[in-house]
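The values are calculated or read from the model by the stated rules, or taken from the named source; none is laboratory data. Since we're looking at a predicted model, the values are computed, not measured. Methodologically, a virtual Cβ is constructed for each residue, glycine included, from the backbone with ideal geometry; neighbour enumeration extends over all protein chains shown. The protein model used for the area step is the full one, side chains on, heavy atoms only, and it has no ligands, DNA or RNA in it. Shrake-Rupley method; radii C 1.70, N 1.55, O 1.52, S 1.80 Å.
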Amino acid sequence: MNILVTGAAGFIGSAYVRMLLAGLLPGAEHPRVTALDLLTYAGNTDNLPLADPRLTFVRGDVCDLPLLLRLLPGHDAVVHFAAESHVDRSIEGAADFVRTNVQGTQTLLEACLRTGTGPVVHISTDEVYGSIAEGAWTEDAPLAPNSPYAASKAGGDLIARSYWRTHGLDVRITRCSNNYGPYQHLEKLIPRFTTRLLAGRTVPLYGTGANVREWLHVEDHCRAVHLVLTKGTAGSVYHVGGGDDLTNAELTDRLLGLTGAPASLVRHVADRKGHDLRYALDDTRIREELGYAPAVPLDEGLAATVAWYRDHPSRWQDREHP
Ligand code: NAD
């Protein structure tokens, strides 16, 4: 099976490629991967097993239609992770988010349509629904994104739906909760707090720390994405939830415990603009229809993640430390 993976040098895309080539994702016999990535500030080829002969890395842009039309023939499937992914950056400036997350998704789907390539799994986020005070969203909940990041992802989701509904392109959408694990960019909460605490530095906690997020290990997300690719249905949306809700304050307490850092290193800072209070996904569909269940308990996954950053100081010590 020849799979083109976009955003393959990022956090989740690279985990997917590593797992695929390590034989950890059943249902893709003799996988070969084309890893397409623009290598923005967020992409890092050190995340990929570049020496593996089954992997071809291509530096390129998902907005580049001629490139995609050249690359896609011969592929059996596409998994689309490429995105601008950091909410704080989207508040500073949203143009790159609209370009990659909306226009890039449209360009990729257009190229898939013209070359007859599919299925395409479009990777999206729980953030497209906005914020929910109680209960959990099902896949038919209205999209009400609040940040420019979330709005650009929702735009990509709607374009994906339209290519399925109008053209019959086989597109499936996943919407996942917050991921954690090794190889994540240092700007994101868990690697940022972990590496700062390991270095004895303060960590900035937004507002009161009451915002609730559902945390899922990146390998569970990749298993879910692969189930959707191998067993999902064209045009369907699948939630991928972690089931482990924590406030940011509770998560910070766990990281303090795992790094052995004192609580005095936590600084409360002004809240993020428009900060969503709570996200929660009902993931009954993927569990019942595709047999998905997360395998990594949060306690174990968090401990392993902190240990990974502790054991890989070259990933963070000499780098710009946000
Ligand atoms: P990331 O920022 O770590 O990686 C994104 C990758 O996309 C980078 O390697 C970057 O170089 C590449 N890229 C950016 N613009 C590109 C372009 N125009 N053309 C080609 N490549 C480009 O992000 P991530 O955390 O791995 O997220 C991957 C996907 O999963 C995104 O679509 C994101 O919205 C979604 N998602 C992430 C989370 C999470 O918690 N990280 C949760 C739910 C959904």
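Here are the numbers for this structure:
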| item | result |
| --- | --- |
| Restricting the range 103-130 to residues that are more than 28 Å from I91 (Cβ to Cβ) and in a helix (DSSP H, G or I), the residue that is most open to solvent (accessible area, probe 1.4 Å) | R114 |
| Residue match in the range 50-58 (condition: within 12 Å of the ligand (Cβ to nearest atom) and buried (at least 16 other Cβ atoms within 10 Å of the Cβ)) | yes |
| Any hit, the range 188-201, residues being surrounded by 20 or more Cβ atoms within 10 Å (Cβ to Cβ), within 25 Å of T284 (Cα to Cα) and touching a Phe, Trp or Tyr at 6+ places or on another chain (Cβ under 8 Å) | no |
| Scan of the range 166-219 for residues that are assigned to a loop (DSSP other than H, G, I, E, B) and within 13 Å of the ligand (Cβ to nearest atom), ordered by number | S177, G181, P182, Y183, Q184, H185, L186, E187, K188 |
| Count of the range 8-23 residues which are open to solvent by less than 20 Å² (accessible area, probe 1.4 Å) and in contact with a helix residue (DSSP H, G or I) (Cβ under 8 Å, 6 or more places away or on another chain) | 8 |
| Pairs where the first residue, in the range 238-266, is within 30 Å of R161 (Cα to Cα) and the second is modelled with pLDDT under 95, C-beta under 6 Å, 6+ apart | G241/E214; G242/E214; D245/V212; D245/E214 |
| Residue in the range 9-23 that is touching a residue at least 12 places away in the same chain (Cβ under 8 Å), away from the ligand (no atom under 15 Å from the Cβ) and more than 19 Å from C176 (Cβ to Cβ) present | yes |
| Unique residue being of a type in the set (V, I, T), over 22 Å from L36 (Cα atoms), within 14 Å of the ligand (Cβ to nearest atom) and free of Cβ contacts under 8 Å to residues at least 60 places away in the same chain when the list is V120, V128, V98 | V128 |
| Any hit, the range 212-226, residues being touching a Lys or Arg at 6+ places or on another chain (Cβ under 7 Å), open to solvent by 20 Å² or more (accessible area, probe 1.4 Å) and modelled with pLDDT of 95 or more | no |
| Residue within the range 277-289 that is farther than 26 Å from V87 by Cα, part of a loop (DSSP other than H, G, I, E, B) and modelled with pLDDT of 90 or more present | no |
| Check on V306, surrounded by 14 or more Cβ atoms within 10 Å (Cβ to Cβ) and either modelled with pLDDT under 95 or not in a helix (DSSP H, G or I) (or both) | no |
| Any hit, the range 63-85, residues being over 16 Å from the mean Cα position of the chain (by Cα), within 9 Å of the ligand (Cβ to nearest atom) and either buried (at least 16 other Cβ atoms within 10 Å of the Cβ) or touching a residue at least 24 places away in the same chain (Cβ under 8 Å) (or both) | yes |
| Single residue of the range 24-39 satisfying the filter (modelled with pLDDT of 95 or more and open to solvent by 50 Å² or more (accessible area, probe 1.4 Å)) that is farthest from the ligand (Cβ to nearest atom) | R32 |
| Among the candidates A150, A133, residue that is part of a helix (DSSP H, G or I) and of a type outside the set (S, T, Y) | A150 |
| Which listed residue is open to solvent by less than 20 Å² (accessible area, probe 1.4 Å), more than 26 Å from R315 (Cβ to Cβ), over 18 Å from the mean Cα position of the chain (by Cα) and of a type outside the set (K, R), from G232, G274, G241 | G232 |
| Lone qualifier among A133, A111, A150 - being among the aliphatic types (A, V, I, L, M) and either within 13 Å of V237 (Cα to Cα) or away from the ligand (no atom under 14 Å from the Cβ) (or both) | A133 |
